[in-house]
Every structure is written in structure tokens, then in C-alpha cells.
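The values are calculated or read from the model by the stated rules, or taken from the named source; none is laboratory data. Quick caveat: nothing in here was measured; it's all calculated off a predicted structure. Here the Cβ is made from the backbone with ideal geometry for all residues, glycine too, and neighbour counts use every protein chain on show. Areas reflect the complete protein model, heavy atoms only, side chains present, ligands, DNA and RNA absent. Shrake-Rupley method; radii C 1.70, N 1.55, O 1.52, S 1.80 Å.
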Amino acid sequence: RGEVVFDRVGFDYGNGRQVLNELSFSVPAGKTLALVGGSGAGKSTITRLLFRFYDVASGQIRIDGQLITDVSQASLRQALGIVPQDTVLFNDTLRNNLLYACPDASEADLQDVVQMASLDRLVAENPAGLETVVGERGLKLSGGEKQRIAIARMLLKRPAIMVFDEATSSLDSETERSIMKEIRRVSEGHTALIIAHRLSTVVDADEIAVLENGQIAERGNHRELLAKN
Ligand code: ADP
Ligand code: ADP
């Protein structure tokens with residue numbers, strides 16, 4: 001489940017500049033599409049349209065064949081999980097930071113996502129475990145640890161579609177590699193859109209689409225794209 005289709009999507013911010021121009025791409029259910037593009041290519045705009053922060057000017061966005069304008073805001077939010085570039089942690093326990101979008105998750109599901117996002121060591125190293133307070137006034141976490149928390153938080157919701165919105169862009173290159181590995185692992189077999197600004201970070205995606213000026217300039221797997229350039 002979770003097929004995403006952008007069908008000839010056009011969009012502008014009302015200042016006369018066309019940001020997306022007949023943009024078409026799809027993420028088949030259970031597959032990963034990496035969307036790669038430089039600054040200003042339209043990556044954030046695509047996420048904003050998918051979450052309906054704005055509506056398209058022309059064309060359609062469909063999830064499992066259904067126009068997103070025909071889906072309730074609540075089901076859309078339930079279907080989409082996001083790992084943003086800069087994860088905000090509350091001055092609260094690890095547990096509450098993980099649970100905040102799904103307060104009713106079971107202890108077993110919580111333990112599962114802690115494992116899946118490789119947070120078990122962080123939890124074990126701290127005497128208070130999941131009750132450790134993190135954030136500005138608590139335990140300071142590294143950029144990589146924050147992104148693992150963001151991944152676990154997203155997984156807890158069991159979204160049909162996982163969106164990784166430049167989730168590794170603020171990390172140093174070594175941490176970026178390890179978080180990308182984590183992302184590949186957790187998205188395996190799920191529908192996932194991985195947005196990134198460099199091709200080198202998404203080498204293993206089922207398919208990569210290169211975004212330039214709001215259009216797909218080329219697509220293929222990593223090997224095919226390298227051969228073309
Ligand atoms: P990316 O995420 O790939 O850097 P964006 O989607 O943020 O690209 O931006 C695509 C284009 O839209 C850019 O030219 C940018 O200046 C413009 N843009 C982005 N957000 C706004 C906005 N809120 N108002 C006007 N123009 C915007
Ligand atoms: P929720 O279950 O709380 O609705 P979401 O998965 O919709 O969770 O969003 C998780 C967090 O990411 C929220 O804080 C939301 O405001 C934020 N968010 C949602 N969409 C975007 C986006 N396109 N870019 C950055 N942050 C976003």
C-alpha cells in the first residue's frame with residue numbers, strides 16, 4: 001500500500017515564477033524513490049504539496065489511486081510519516097519524545113521501534129533508560145541520535161508512506177552514511193520517498209529521479225545515472 005503518484009503537477013507561490021512544471025513521478029507501493037536535486041529545485045515544495053500545506057495549481061497528486069484532495073486531513077496525516085532535516089526534541093523523556101505522535105502505542109511497539117532505529121544502546125547506556133530527559137535542558141544528543149529518534153517516532157505511527165525529507169543533510173558525512181543505512185533498512189519493503197541533495201547519499205534506492213527546476217531531468221538507478229553523466 002501507499003503508491004504515490006504526482007501527475008503533471010504544476011505549482012507556483014503566486015509571484016509569477018513556476019516552481020513545479022508538469023512534474024510527474026511515482027513511487028510504487030513497497031518501493032523507494034529517491035528524489036535528488038540542488039537548492040531551489042523544488043524538493044521542499046513537493047513535500048509541502050504531499051502534506052497539503054498548499055494545493056496544486058494544476059495536475060493531480062494521488063495516493064493509492066485516490067486524489068489527496070478527496071482524503072480527509074486526518075487520514076492523510078495518518079498515511080504519511082516524515083523524518084525532517086532538523087528534528088525537534090522536547091525537554092521531556094525519551095519515551096515521551098517517541099510517543100508524542102502516537103500516545104497510545106503499546107510498550108511492545110515502543111520497544112520494537114527502539115530496536116529498529118538502533119536506539120537500544122543509547123537507552124541501555126543511560127541509567128534512567130527511556131525515562132532519560134533529553135533536549136536543551138536534559139541529555140544533549142548528537143545529530144545522528146536525534147535522527148534515530150525521529151526515525152523511531154515515525155515508525156511508531158506505521159505510516160503507509162515514509163518521507164525522509166533531507167533527513168541526513170545536517171549530518172557530517174560519516175553519520176550521514178550510518179543514518180542512510182538505517183533509512184534503507186527501515187524502509188525496505190515499504191513505500192518510501194527519500195529526498196536528498198546529493199546523489200552519493202542515495203546509491204541503493206530502487207529508483208532515483210533527478211529534479212531540476214521543478215521537473216524530472218533524468219531517472220534510473222545509481223549505475224544508470226552515473227553512466228549518463
Ligand atoms: P528545494 O527544497 O529543492 O531547495 P524549494 O521547493 O524550497 O526547493 O524551492 C523551489 C523554488 O520555489 C525556489 O525558487 C524557491 O525560491 C521558491 N520558493 C520556495 N518557497 C517559497 C515561498 N514560500 N514563497 C515563494 N517562493 C518560494
Ligand atoms: P502527526 O502524527 O503529528 O500529524 P506528521 O508525520 O504529520 O505527524 O508530522 C510529524 C512532524 O513533522 C510534525 O511536527 C509536523 O508538523 C512536521 N511536519 C509535517 N510535514 C512537514 C514537512 N513537510 N516539513 C517539515 N516538517 C513537517
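Just a few scattered comments:
- Single residue of GLY38, GLY16, GLY10 found to be away from ligand 2 (no atom under 13 Å from the Cβ), among the small types (Gly, Ala, Ser) and on the phi > 0 side of the Ramachandran plot: GLY16
- ASN21, sole failed condition from (1) more than 15 Å from ligand 1 (Cβ to nearest atom); (2) in contact (Cβ under 8 Å) with a residue 12 or more places away in the chain; (3) farther than 18 Å from PHE164 by Cα; (4) surrounded by 15 or more Cβ atoms within 10 Å (Cβ to Cβ): (1)
- Strands (runs of 3 or more DSSP E) enclosed by region 126-229 - at least 1 residues per element that are surrounded by fewer than 17 Cβ atoms within 10 Å (Cβ to Cβ) and not small (Gly, Ala, Ser): 207-212, 215-220
- Some residue of region 85-108 being in a strand (DSSP E or B), out of contact with any Asp or Glu (no Cβ under 6 Å at 6 or more places or on another chain) and farther than 22 Å from PHE11 by Cα: yes
- Test result for TYR54, over 22 Å from ARG158 (Cβ atoms) and within 15 Å of ligand 2 (Cβ to nearest atom): yes
- The residue pairs whose first member lies in region 68-95 and is over 11 Å from ASP165 (Cβ atoms) and open to solvent by less than 20 Å² (accessible area, probe 1.4 Å), whose second member is of a type in the set (D, E, K, R) and within 16 Å of ligand 1 (Cβ to nearest atom), and whose beta carbons are closer than 8 Å, counting only pairs six or more residues apart or on different chains, are ILE68/ARG52; LEU76/ARG52.
- Checked against (1) out of contact with any strand residue (DSSP E or B) (no Cβ under 8 Å at 6 or more places or on another chain); (2) not in a helix (DSSP H, G or I), ALA74 passes all but condition (2).
- When region 26-40 is filtered for residues that are away from ligand 1 (no atom under 15 Å from the Cβ) and not in a loop (DSSP other than H, G, I, E, B), the ones remaining, listed by number, are SER26, VAL27, THR32, LEU33.
- Note on region 11-25: residues that are more than 15 Å from GLU212 (Cβ to Cβ) and in contact with an Asp or Glu (Cβ under 6 Å, 6 or more places away or on another chain) amount to 0.
- Where VAL123 falls short, out of the listed (1) open to solvent by 20 Å² or more (accessible area, probe 1.4 Å); (2) within 21 Å of the chain's Cα centre (by Cα); (3) aliphatic (A, V, I, L, M): (2)
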